[in-house]
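Asker: Have a look at this one before I ask anything.
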Number of protein chains: 4
Amino acid sequence: MAIEAGQATEGGQGRIRLGMVGGGQGAFIGAVHRIAARLDDRYELVAGALSSDAERARASGAALGLDPERAYASFAEMAEREAARPDGIEAVSIVTPNHMHAPAARAFLQAGIHVICDKPLSVSVAEAEELVALGKTSGRIFALTHNYTGYPMIREARALVAAGELGTVRLVQMNYAQDWLSERAELSGSKQAEWRTDPERSGAGGAIGDIGTHAFNLGAFVSGLRPEALLAELTSFVEGRRLDDDVRVLLRYRGGAKGLLWASQVAVGNENTLRLQVYGTKGGLEWSQEDPNHLWFTRLGEPKQLLTRNGAGTGTASKRVSRVPPGHPEGYLEGFANIYGEVAEAILAARSGAVPDAAVTFPSVEDGLAGMRFIAAAVASSKAGSVWTPVG
Amino acid sequence: MAIEAGQATEGGQGRIRLGMVGGGQGAFIGAVHRIAARLDDRYELVAGALSSDAERARASGAALGLDPERAYASFAEMAEREAARPDGIEAVSIVTPNHMHAPAARAFLQAGIHVICDKPLSVSVAEAEELVALGKTSGRIFALTHNYTGYPMIREARALVAAGELGTVRLVQMNYAQDWLSERAELSGSKQAEWRTDPERSGAGGAIGDIGTHAFNLGAFVSGLRPEALLAELTSFVEGRRLDDDVRVLLRYRGGAKGLLWASQVAVGNENTLRLQVYGTKGGLEWSQEDPNHLWFTRLGEPKQLLTRNGAGTGTASKRVSRVPPGHPEGYLEGFANIYGEVAEAILAARSGAVPDAAVTFPSVEDGLAGMRFIAAAVASSKAGSVWTPVG
Amino acid sequence: MAIEAGQATEGGQGRIRLGMVGGGQGAFIGAVHRIAARLDDRYELVAGALSSDAERARASGAALGLDPERAYASFAEMAEREAARPDGIEAVSIVTPNHMHAPAARAFLQAGIHVICDKPLSVSVAEAEELVALGKTSGRIFALTHNYTGYPMIREARALVAAGELGTVRLVQMNYAQDWLSERAELSGSKQAEWRTDPERSGAGGAIGDIGTHAFNLGAFVSGLRPEALLAELTSFVEGRRLDDDVRVLLRYRGGAKGLLWASQVAVGNENTLRLQVYGTKGGLEWSQEDPNHLWFTRLGEPKQLLTRNGAGTGTASKRVSRVPPGHPEGYLEGFANIYGEVAEAILAARSGAVPDAAVTFPSVEDGLAGMRFIAAAVASSKAGSVWTPVG
Amino acid sequence: MAIEAGQATEGGQGRIRLGMVGGGQGAFIGAVHRIAARLDDRYELVAGALSSDAERARASGAALGLDPERAYASFAEMAEREAARPDGIEAVSIVTPNHMHAPAARAFLQAGIHVICDKPLSVSVAEAEELVALGKTSGRIFALTHNYTGYPMIREARALVAAGELGTVRLVQMNYAQDWLSERAELSGSKQAEWRTDPERSGAGGAIGDIGTHAFNLGAFVSGLRPEALLAELTSFVEGRRLDDDVRVLLRYRGGAKGLLWASQVAVGNENTLRLQVYGTKGGLEWSQEDPNHLWFTRLGEPKQLLTRNGAGTGTASKRVSRVPPGHPEGYLEGFANIYGEVAEAILAARSGAVPDAAVTFPSVEDGLAGMRFIAAAVASSKAGSVWTPVG
C-alpha cells in the first residue's frame, strides 16, 4: 500500500523551510496551502509576509506561531532577509490575489528561492513570459498550484491516455460550474468575491481566470494536447459585474482533436462541479471533482469500468500519490498536498544535485503561461464577437 | 394516483384507427411507435405501408396481424384508399428515414388524416415551411415525436420554469452523447447507421439532425426560449463519414439567455446521455434521460432537492402523464406513449369539435420547423467557419 | 437488437383472450396488469369480474370497452360462462386483494383456464399447497406475478450466477424499503393501505407479504438458493396497526449460504428501494429496482463493471427480454410485461402441444408456495421470540 | 467559512507533544494517525515506541525524525521516561494490534498522560471496564478513534436527530461491507490480515471487532440510542479462518427502536461500504462513507434533500469541523483529524483547567466499553445459536 512508501518520506529527511506571501487572517487559500504543505510532513513554515497590512501581517504570524522577526510586512523585505539567513527559507508559497503573483515570484526567484505560486500565474501574458524566462535563468523550481492535477485518479487518467488506452484522442470536454456568484456577492462584504470580480486584482478574466483555467489546465494535463485556436463567448450575467461570470469556449487542439469548455459561477445548484471527459478512437474517460476517488473508463464495445483510487486495475501513476486504501476517500486537501509533495521531491533532488523522479509532474511556470495565453485568447475572441483566435 | 385517472382512458371511448408508414421488419423506431400507441389502449393499428419493398410490406403487415388488404405497398395508395373507407384510419404514424417524412405527411394531410411524424420533420427548411402551411390549411393535427418531451419530469421542469421558480433563465445546457458511431458502422451492415450517415436520406445534418435536434427541442420545451442566433462547429471524426458525428453549438436566445449544446456519436462510454441543465436567477434544474424519473431542483441558497416522478412536491404537469407510483421507474416507452396519449386527447377533442385540454403539449409541426431552422443554421455557421448565424 | 425479434411476436400469431378478476375502478394493480398484457400485443382483454360490487363491475367493464355480457359480477360466474363459450378466455389475471387469490384461481383452473395471479399466492400455506396440487392435475399454466423477476438485468444476474461467474454463492442481501405506511394511512381513506394492513384480506403478514415476499423471491430467483431455516423479527411500528410494517429476517440457505432480508414500509425517504446483492467466492452483483437498467458486477480483484441493459457484455438472458437500445431506460411496466410475454409463449406452446422455450422462466405456483412458506415461517419465528424456524 | 476559524488554531497556541505506540514501518494505521495529528497543526510527534522489535523501533523513529533517545523499544519504558521529562509527551496515540491496547493505555494513564487509542478498546469486556475505571481515577482524557464519527455530515446527522427533526427514531440500519478477506489473505503475507484474523491479537471478534464495532458505534453516535439486547449470527465463510468474516445482528434499542447491522469482509466488489440509515416518525437520513460529503435527509411527505458539507441548510455541528468550501471534498483523513482536533481542544482546556467546548464530542473510553459489550454479546449470541442476549 502506498502509505507504507509514504512513511519513509515523513519528516526524517529534513523538512523544507517554507515561507508564505499572503494567506493572513481572513484569507481562504492560504490555509489550504499550509495544510497541503503539512500533510505529509515535508515542509516547515518558518516565515511569512502574510498581509500587506503590517498589523495584520504581525497578528497572522503570531497566530501561526512564527518567530516575530520572520513575520514580515512586505514580500520584498522577506525575500531579501530570508536569502541572507543561513536558515532562510528554501521555498515560498505565493497565495495573494492574482495581481501580486508576478511581482512576488520575481522577487523570490531573484533571491534564489524556489516558488510555489497559486494560479493563474499573473495578470498578463507579458508578465507570464517574463516569469518563464526568469524561471529558466534562475535555475529555481517554479510550481503552479493547479491543484486538481494532484488528484490520484487524474493521474490515472493521464497515464491511461499516455499509454494509448484511448487510442487517438478526439474530444476533450471540460466543465467547471459554481453558483456562489449568482448574485452580486462582491457588494455583500465577501472578500473572496470582491477581488475575484475586480479587474485590477484579477486581471482581464473573471470566471475564465478563476475556474476556467483550472478546467483548461486539467484537460491539457490529462489529454496531453495543446490548443491551436479557440473561440469564446464571455458573459457577465449579473448586472454591474465588471468581469465575466460565465464562459463557453470551443477549442481546436493541434492534431485535430476538439475541445469544449464551459465555466460558470452562476449555475445554481453547483458547488464545484469540475468535470472532465476525454474520448478517443478506442476508449473514453469521465471524472468529476466532487467524486474524485472514482474514474469511469470504457473501452469501445466493452462494459463501463469504475476504477477506484488505489483499487483493482489502477497503476503506479495514481497509487504513488495515494495514502489510504480504496474505499476510504481522499479529497481536495490530499490532492493539493500531492502537488506540495512532488515539489518537495524536486527540491530535495535539487538540494543534492540529483535528477528528480520522472514521475514528478506538478504544473510548472510554462503551464502558467499556457493558462495566461488561454485567458488572453478567450478575452480577445469574445471581444471580437466570438471569432477563432490563435492561442499563443 | 394518476393510474386511476388513466384507467378511464383505456379503450372504452373507442380506440383511434391508426396507420403506419415505414416500420417494417428490420426497422427500429416503428416498433417503438407501435408500443407507444398501444400502451394506454388509445389506438388500434389497422393499416400500414410498412416498407417501400412490396414483399416486405406484405410480410410485415402479416406479422402484425393487419388485414392483407390494408398492408399497402405505397403510402400514396394508402392515403387514398384509407381516406375513402368509412372505417379508414384517422391518424398515421410516419416512421421512415427523414427524406420520406415530408412527402408522406403531405399525402396524409391532404387526405384529411392526422399525422404523427418522427423527427426531424424533413430534410430542408423549405419542406418544413410547406408542411407548416399545409398543417394550418388542412385543419389536421400534426404531431412530431420529440419523444423526450413526454417524460414526466421534463413536464415538471417545464412547469417549474413557467411558474417562475427559476427566476429569469440565464443558461440552457444541452448534451446528447452516444458512442455507437465511433467506428464506421455504416460499412458493417447496420441499416440504422447507413441511412443516418447518408445525406440523401438524412438531410444536411448527421448527429445534429439525429440527436442534436432532440437536445435543442428539449431545451426549448423546458426553458420556453427561442434562439436568435447560433454559432456551430460540426465535425466528422470518423474518416470517410459524409455527415457530422459531433457538433458543438453556442446559442443566443431572445431576451439574453445563452445556450450551449453538445451532441456526439463518438463519445465512447455513452449510450444515450441526453442531459439538460437550466439555470436562472433564482434556481437551477438538472435532468438526465438515463435516470428520467428524477429531477434535481435547487433554489438559490437552499439544499438541492431530488424530485421524483409522482413523488412529493411534484405537480399536475408531471402527475397527469404518470402511470405508476414513485419509485417504480417509467422509461423511454412510457415517455413516448405520453406523446401518443396527448395526441389521442387532441384527436378525440377534434372528433367532437371540442377544444383539447390546455395541458396537452405535444411537439407540433412548428416545433419541427424550428428544428429544421436550427439544423440549417448550424450547418451554415459551421461551413462559414463558425460564425454567428441567425436562426430562422 | 431484441426489438427486431420482438416484432415477430406482436399481434400476428393471434392474441390470447384474457379475462381479469379484480382491477376495477379505484384499484391500482389491475391497470398495471392490463398495460403489461397489452404492451407487446400478445393479449386481448375480453372479459372481467372487475369488482365484487355489481355496479362497479359493470361500470368498470364499460370504461374498458368490454362487451357488457362479459362484464361479470362474480368470478365464479365468469369461470363457468367463459369456459362454455367457443371464444371464451384462455387465461385469467387475478388482481384482487390476497384473500381472493386462491378461491378465484381454483375456479379458473377447474374450468381449464390458465391463471396469472398476483402475489402473494394466497393467505395460507394450506391454500397454496392445494393450488400447487390443482395446478398439476389441471395441466394449466399457473404464473405468479413476482414482476421484479421480469427486469432484464435481473435475468442477467441470474444467468451470471448460473454460469458460475460468482463462484459459490455465500451471501444474499435483500432489502425492500418504502415509506408510504409511516403514518396510519389505513385510517385516511387509502384503499391500498386498508386492505394491506387488514389480516382478513392480507393474511398473517403485512410488510412481509406485501413486499418481503418480493425481496425473498428475487433473492431465490437470482441465486438459485432455497432456504433451510429462517429467524425473523416482525414489528408494527405504527400504533394500532394490526400487521407488521417492518421485518428483518436472517436466512440459512441449503448448502451453507446465508441471507439477510429487510423490508419496511416506514423507512422515510424510500419509495420502492428494492435492492439485491449477491456475493460469491469469485464475484459479486448489486442491483437496485429504482435504477433497473444497470447491474454492478465485480470479479474478485478486478475493477467494478457497470453492465447496462442490452449493452456491452450482456447475454441472451437479458437481451431477449429487452425492447430498446441501451441508454433508453425500460422500467417497471416493461418488466411486468416480460412476465406476461413469457406466459404468452407458454400458452402458445400449450395451444399447439409444443414444449415452451427453456428460457421461459416466469414465477410459478411453486414459487408462490415457497413464498407462503417463507411468510408462515417468519410469522412463526417472530411470534416465538425470533427463533430459527424451518422453512417448508 | 470554517477555515477562517480554523486558522486561529494552527500552531500558534503551542502544539501538543505527542507520542505513539505502534505504527512503525510496515504498519498501516499509524501513518493515518500521524497525518490526522498533523493536519491542523495541533500536535508535534516527539516520541515513540513504534515497534516491539527494537531494531525496527529505532529505524522507524529515525525515518520520522525522532530524537533517537525518544525512540523507545517498549511502551513501558516510554511511559516512565516521558513522564519524568519536563518536555515529556502530553498525550500518546496507541495504534498497535488490539491485544496491546489495554496494557499500553494502562501504563500511560498511570503515568498521567492523555490517551488516544485505536478501536476496539481491548480484547475483553473486563479489560475495558478496568480502563473505564482507570480513566475516571486518572483524570486523564481517553479518546477512542472511532474515526467515522469525525465526518462532518455524521455530525450533521447527529444534530438533526438530536434536534428532533426525525421525530422518534424507529430504525437504525448499519452496513459495513468489504471484500479484502474474500480469500485467505492471512496466508499470503498480509500483516494486516494476519493479526486481524488471529484471536490472540484481535480478541474474540473478527469482522465484528474490526468493522462491526465501527458500524455499531456510528449508529449509536447518530441515533443517541443504546442497545438493550441483540441477536447475532457470526460466520467464517473462508475455510480455515479462525474468526468471523461476516456478521449479521438484530438489535433492540432501549425505548423500542430496532436496529439491523451487517458487516462483512467477503462481499466482493465492496471496498469500505459503511452505510448508515436512520428512520424516525417524521424523517429519515442516509449516509455512505464512500461519499462522505453528502447526507440525504427527507422529511415525511417532502422531497428528498441532499445536504452537502458546509453547504446550504447545514448547521454549526458540521460546519465547525469543516475546512474547505462545499463541493471540495474532504475525506477519511480529515474526518480522522477532526477527532484529533477535538482531543486537542480538550487537552488545551485541561492544561488551563477550563471546561472544553460542549460541542466536543469525540468517542470516549465509555464508547469503547460499549463496543466491547457489543462484541461480547454478539459472540455469545451466535455461539448460543442466535438467541437474544442482553448487551451490557
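Asker: Which residues does the label zone of residue C:162 cover in segment C:264-298, counting backbone N under 12 Å from a point 7 Å along Cα→Cβ?
Answerer: Under cut-off, by backbone N: nothing.
Asker: OK, next. Within 10 Å of each Cβ in A:33-45, how many Cβ atoms from other chains are there, averaged over the peptide? Write out the running numbers ahead of the final one.
Answerer: Details: counts 0, 6, 11, 0, 0, 7, 6, 4, 6, 0, 0, 0, 3.
Counting Cβ atoms of other protein chains within 10 Å of each residue's Cβ and averaging gives 3.
Asker: Taking only C-alpha pairs under 8 Å that are 6+ residues apart, what is the relative contact order of segment C:2-147 in percent?
Answerer: Averaging sequence separation for qualifying contacts and normalising by length gives 20 percent for segment C:2-147.
Asker: What number, rounded to the nearest 500 deg cm²/dmol, is the helix-based mean residue ellipticity at 222 nm of chain B, given -39500 (n - 2.57) per DSSP H run of at least four residues and division by all its residues?
Answerer: -10500 deg cm²/dmol
Asker: Can you sort B:291, C:367, C:245 by how many other beta carbons sit within 10 Å, fewest first? Provide the component values of the computation, followed by the final result.
Answerer: On the way: B:291 17, C:367 22, C:245 26.
Lowest to highest Cβ neighbour count: B:291, C:367, C:245.
Asker: So, one more: What shape does chain C take by its C-alpha gyration tensor, where a ≥ b ≥ c are the square roots of the eigenvalues and a/c under 1.5 counts as rounded, a/b above b/c as prolate, and the rest as oblate?
Answerer: Oblate shape, in that a/c is at least 1.5 and b/c is the bigger or equal ratio.
Asker: If R₀ is 45 angstrom, what is the calculated FRET efficiency for the pair residue A:110 and residue D:349, using the beta carbon separation as r and rounding to 0.05? Before the final figure, lay out each step's value.
Answerer: Values: r = 47 Å, r/R0 = 1.04.
Once the sixth-power term is evaluated, E becomes 0.45.
Asker: Once a ≥ b ≥ c are taken as the square roots of the eigenvalues of the Cα gyration tensor of the protein assembly as shown, is the result rounded (a/c under 1.5), prolate (a/b larger than b/c) or oblate (a/b not larger than b/c)?
Answerer: Oblate, since a/c reaches 1.5 and b/c is not below a/b.
Asker: Run the dipole for segment D:163-306 about the Cα centre, Lys and Arg Cβ at +1, Asp and Glu Cβ at -1, nothing else charged, and hand back the magnitude in debye, nearest 20.
Answerer: The dipole magnitude comes to about 720 debye.
Asker: Follow-up. Run through segment D:153-252 and list the GluC sites (Glu not before Pro) located in a DSSP loop whose Cβ has at most 10 other Cβ atoms within 10 Å.
Answerer: Within segment D:153-252, the qualifying GluC sites (Glu not before Pro) (loop, at most 10 other Cβ atoms within 10 Å) are D:239.
Asker: How would C:21, D:161, A:387, C:95 line up from fewest to most surrounding beta-carbon atoms within 10 angstrom?
Answerer: Lowest count first: A:387, D:161, C:95, C:21.
Asker: Taking the C-alpha atoms of segment D:36-187, how large are the radius of gyration and the largest Cα-Cα span, Dmax, in Å?
Answerer: Looking at segment D:36-187, its Cα Rg and Dmax stand at 18.8, 57 Å.
Asker: May I ask you to report, in nm to one decimal and beginning with the shortest, the distances from residue A:44 to the same position in the other copies, taking label points 7 Å along Cα-to-Cβ?
Answerer: Going from nearest to farthest copy, the values are 0.8, 9.2, 9.2 nm.
Asker: Between residue D:77 and residue A:316, what FRET efficiency follows from the Cβ-Cβ distance if R0 is 41 Å, with the result rounded to 0.05?
Answerer: So, using R0 = 41 Å, E works out to roughly 0.55.
Asker: Fewest to most neighbouring Cβ within 10 Å: what's the order for A:252, C:373?
Answerer: In order of increasing Cβ crowding within 10 Å: C:373, A:252.
Asker: Starting from 0 in steps of 5 Å, tell me what percent of the Cα-Cα pairs of segment D:36-121 lands in each bin.
Answerer: 3, 15, 25, 28, 22, 8, 0
Asker: OK, next. Which residues in segment C:311-328 have a backbone N closer than 19 Å to a point placed 7 Å from the Cα of residue B:195 along the Cα-to-Cβ line?
Answerer: Residues C:324-325 fall inside that zone.
Asker: Can you give the percent of C-alpha pairs in segment A:172-307 whose distance is more than 22 Å?
Answerer: It works out to 42 percent of all Cα pairs.
Asker: Can you pull the percent of Cα pairs in segment B:304-370 with separation above 15 Å? Before the final figure, lay out the partial values.
Answerer: Numbers: 1370 of 2211 pairs.
Cα-Cα pairs of segment B:304-370 separated by over 15 Å account for 62 percent.
Asker: Average projected area of the Cα convex hull of segment B:146-186, in nm²?
Answerer: For the Cα atoms of segment B:146-186, the hull's average projected area reads 4.5 nm².
Asker: What pairs in B:282/D:282; A:191/B:282; B:383/C:319; D:119/D:383 have C-alpha atoms more than 31 Å from each other? Spell out each step's value before the answer.
Answerer: Details: B:282/D:282 29 Å; A:191/B:282 23 Å; B:383/C:319 42 Å; D:119/D:383 23 Å.
Distance filter (> 31 Å) returns B:383/C:319.
Read-outs throughout are calculated quantities, based only on the coordinates presented, and are distinct from any laboratory measurement. Just so it is clear, the model here is predicted, and its values are computed rather than measured. FYI the Cβ positions are ideal-geometry reconstructions off the backbone, even for glycines, and counts take in every protein chain you see.
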